[in-house]
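First comes the structure, then the notes that go with it.
Just so you know, all these numbers are worked out from the coordinates, no wet-lab data involved. Predicted model, so just to flag it, every value in this text is computed and none were measured. We place every Cβ from the backbone using ideal geometry, glycine too, and count neighbours over all the protein chains shown.
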Amino acid sequence: MALDLLKTEKKESLKSKGFRIAMNWYPMFFATGAKIKFWSADWSEVHLRLTLNIWTRNYVKTIFGGSMFSATDPFYVIMFMHMLGKNFVVWDKSANIKFKRPAKIPLYMLFKISPELLEQVKNEVKTSGETTYIAHLQWLDKDKNVYAELERTIYIADKKFYKGKLEKRKLNFHASNSSIVS
């Protein structure tokens with residue numbers, strides 16, 4: 001039975017389901033204690049569940065805040081990479097979390113990239129060469145009570161623009177270091 005907050009019309013494909021299963025066993029994600037429950041075929045939607053268990057229990061017997069934080073790490077980067085394609089660079093730039101209440105019950109999170117957001121990102125990159133997207137996320141229980149709020153800042157750039165930016169940075173670094181040596 002799907003929770004109301006995770007209901008979707010989207011479907012998984014064999015590829016996205018296989019990716020979901022592999023990610024659940026990937027050591028870095030497995031160690032967070034969270035579980036990916038759904039990954040849409042078009043890569044635009046992901047559902048997570050985080051429970052109190054041996055991997056997530058902290059000293060005071062609630063869900064470890066580090067699990068809440070780290071479990072959200074790779075999703076928007078991976079989603080944007082698949083949805084935008086090989087001509088784009090996508091990085092996590094920053095993240096922060098605000099804890100609202102301790103959790104002992106299962107928590108859920110929804111990641112979603114709408115067609116409108118995808119077009120907005122593409123247009124901003126087309127205009128400026130790069131952009132940032134700030135994702136606002138919440139860990140919720142089945143009744144939609146908020147346990148933590150997160151912001152993740154995602155950097156997205158045209159691959160050619162990004163390579164040029166790195167070259168300029170490298171040239172500036174070498175120029176500033178050569179003046180120190182002289």
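Filter the cross-link list LYS17/LYS61; LYS10/LYS160; LYS35/LYS142; LYS11/LYS142 down to pairs whose alpha-carbon distance in this structure exceeds 25 Å.
From the list (LYS17/LYS61; LYS10/LYS160; LYS35/LYS142; LYS11/LYS142), the Cα-Cα distance tops 25 Å for LYS17/LYS61; LYS10/LYS160.
Tell me which label goes with the value of semi-axes √(5λ) of the Cα gyration tensor in Å computed from the coordinates here: [x] 34, 22, 15; [y] 39, 20, 14; [z] 37, 19, 17.
Checking each listed value against the structure points to [x].
So what are the ³J(HN,Hα) numbers for the range 50-59, from phi and the Karplus equation (6.51, -1.76, 1.60; θ = phi - 60°), rounded to whole Hz, Gly and Pro as x?
10, 10, 6, 8, 4, 7, 10, 6, 9, 4
Starting from the amide H of ALA95, placed 1.01 Å from N in the peptide plane, find each other amide H under 5 Å away whose residue is 5 or more places distant or on another chain.
Counting only residues 5 or more places away or on other chains, the set is THR153.
Pulled fully out, how much extra length does the chain show between MET28 and ASP143, if you take 0.36 nm times their separation in residues and subtract their Cα-Cα distance?
Once the chain is fully extended between MET28 and ASP143, it gains 38.5 nm.
What FRET efficiency comes out for the pair LEU166/SER13, r = Cβ-Cβ distance, R0 = 25 Å, nearest 0.05?
Efficiency at R0 = 25 Å is approximately 0.15.
Show that you can apply the helix-only estimate: for the chain, add -39,500 (n - 2.57) for every DSSP H stretch of four or more residues, divide by all residues, and state [θ] at 222 nm to the nearest 500.
Counting only the DSSP helices, I get -11500 deg cm²/dmol.
What aspartates and glutamates could a cross-link reach from LYS159, if we take a straight Cα to Cα line under 13 Å and drop same-chain neighbours fewer than 8 places away?
Straight-line reach from LYS159, under 13 Å: GLU130, GLU167.
If you plug each phi of the range 26-41 into the Karplus form 6.51 cos²θ - 1.76 cosθ + 1.60 with θ = phi - 60°, what whole-Hz ³J(HN,Hα) values come out, in order, with x for Gly and Pro?
Karplus-based 3J(HN,Hα) across the range 26-41 equals 4, x, 5, 7, 3, 5, 6, x, 8, 9, 7, 9, 7, 9, 5, 4 Hz.
Name the residue farthest towards the positive end of the dipole of the range 4-181 from the options VAL60, ILE105, PHE80, assuming +1 on Cβ of Lys and Arg, -1 on Cβ of Asp and Glu, about the Cα centre.
It is VAL60.
Amide H of ALA103: which non-local residues (sequence gap of 5 or more, or other chain) have their own amide H closer than 5 Å, using H built in the peptide plane?
ILE63
Would you pull out the residues with amide H under 5 Å of LYS37's amide H, same chain only if 5 or more places away, H placed 1.01 Å from N?
Those lying under 5 Å, H to H, from LYS37 are HIS47, LEU48, ARG49.
Among the chymotrypsin sites (Phe, Trp or Tyr not before Pro) within the range 47-116, which fall in a DSSP loop and have no more than 10 other Cβ atoms within 10 Å of their own Cβ?
Details: sites: TRP55, TYR59, PHE64, PHE69, PHE75, TYR76, PHE80, PHE88, TRP91, PHE99, TYR108, PHE111; in loops: TRP55, TYR59, PHE64.
Passing sites in the range 47-116 are TYR59.
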